[in-house]
Amino acid sequence: MDDINKKSKDELMRDMKPTGAYLDDLTGFADLLGTIRQAENAAKELLDETSGTSKQKSTVSQKVKEGHTTEEDNKEDDNKDEEAPGEPESQAEETAEKEKTQEELLETLDALVGLENIKQSVKSLINYVKIRKLREDNELPNPPLSLHMVFTGNPGTGKTTVARILSELYKAIGVLSKGQLVEVDRSGLVAGFVGQTAIKTSETVESALGGILFIDEAYALAPDTGSGNDFGREAVETLLKLMEDHRDDLIVIVAGYNEPMERFITSNPGLESRFNRYFVFDDYNSEELYDIFDAMCVKSEYLLTDDAKEYAREHFHLIYEMREENFGNARHVRNFFENIVTVHSDRVSTLDGHTRDDLTMVIREDLEKAAEM
């Protein structure tokens, strides 16, 4: 019986052998199948290479499947993606489309409500920088230049808006390499533990290189408390050093209320020597406050009745005449406008039908209720 079984097995093995090849056992047959698969894989790689597919990417992909890619493999693969033909040029074109010209930026500046003295100061500064560059091109000497600035004035007077336009203008005329505006206050420079403030300030300055670092309420870095342990002083010292190290591609603007900023600048001789350009942002008068309010209404497509417009003018005249030392200016206008929108929504929501006029028309009673809020 055993001889019969053995014979049947031998006959089966002979039937499985390919022509010209004789395998001793099933292990040999498995090895042959492996060899065939390897040949098929090699042929596929050759075909991919012929079709323009990177052999290196095929190798990396195979390693991913096998679970043992190296950091070098990943870096090489990423670099090839970054070097794809046409990609850097398309990115540069997209960036160029977003950047405004000097003329467009000056038009944006002129479109701001009020700020006539600031507009003239900015234009004079731009002209000074342009002539300075022309003198350099003609090998003429120039006096030392510091473009660091102090913005003083109450909140809501457009200090941040002007700083943003300045950063783009300096990029447009070649003074700054990037033209970004980085806005911070004391918390963006000062850390809570010894030794960390210098690191935090350095990181913030590094993010602003090529643009403008705008420090709002900068006087908080030198509090008038008499304490020698305040980390704000460390931030100021670090900032002054970095301003000197990167004087060719960094502009710092410090901003805040008038009197506290005077105290801040005089608190350190280094600040006085580096910040020698002052921009004073005056409060908006009543007509300018109304113009800001009207622009907000137009942008959001709210229409005021004639008596609502009359009330708005009276309101801003009264607010301006009764303003306190730290008047909110455009911030007050924005809050008043948002209150009007809320009151208008409450009123219109009670109506049975909602026409387009209902959704856009603002009446005097809306403004009166908003003023009481």
For the stretch 147-166, check the following and say yes or no: at least one residue is among the aromatic types (Phe, Trp, Tyr), modelled with pLDDT of 95 or more and assigned by TED's automatic domain parsing to the domain that holds Lys133.
yes
Report yes if some residue within the stretch 196-216 is over 20 Å from Leu147 (Cα atoms) and part of a loop (DSSP other than H, G, I, E, B); otherwise report no.
no
Of the residues that make up the stretch 307-329, is at least one small (Gly, Ala, Ser), within 17 Å of Pro155 (Cβ to Cβ) and in contact (Cβ under 8 Å) with a residue 24 or more places away in the chain?
yes
Regarding Val175, is this residue within 24 Å of the chain's Cα centre (by Cα) and at pLDDT 95 or above?
no
Thr350 vs. criteria at pLDDT below 95 and either at negative phi or in a helix (DSSP H, G or I) (or both)
yes
Only residues that are farther than 30 Å from Glu103 by Cβ and in contact (Cβ under 8 Å) with a residue 12 or more places away in the chain: list them for the stretch 162-193, please.
Val184, Asp185, Arg186, Gly188, Leu189, Val190, Ala191, Gly192
For Glu301: the one exception among (1) of a type outside the set (A, V, I, L, M, F, W, C); (2) outside any helix (DSSP H, G or I); (3) modelled with pLDDT under 95:
(3)
What is the residue count in the stretch 197-237 for residues that are of a type in the set (Val, Ile, Thr) and surrounded by 20 or more Cβ atoms within 10 Å (Cβ to Cβ)?
6
In the stretch 227-270, the residues that are assigned to a helix (DSSP H, G or I) and farther than 19 Å from Ser146 by Cα:
Phe231, Gly232, Arg233, Glu234, Ala235, Asn258, Glu259, Pro260, Arg263
How many residues, within the stretch 107-149, are within 21 Å of Asp216 (Cα to Cα), among the aliphatic types (A, V, I, L, M) and touching an Asp or Glu at 6+ places or on another chain (Cβ under 9 Å)?
2
I'm trying to understand the selection: among the residues of the stretch 271-288, which are within 24 Å of Val150 (Cα to Cα) and either touching an Asp or Glu at 6+ places or on another chain (Cβ under 7 Å) or part of a helix (DSSP H, G or I) (or both)?
Leu271, Glu272, Ser273, Arg274, Glu288
Tell me, please, whether a residue that is under 29 Å from Lys119 (Cα atoms) and buried (at least 21 other Cβ atoms within 10 Å of the Cβ) can be found in the stretch 189-196.
no
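The values are calculated or read from the model by the stated rules, or taken from the named source; none is laboratory data. Computed from a prediction, not measured in an experiment: that's the story for all the values here. Glycine also receives a Cβ, built like all others from the backbone with ideal geometry; neighbour counts cover every protein chain displayed.
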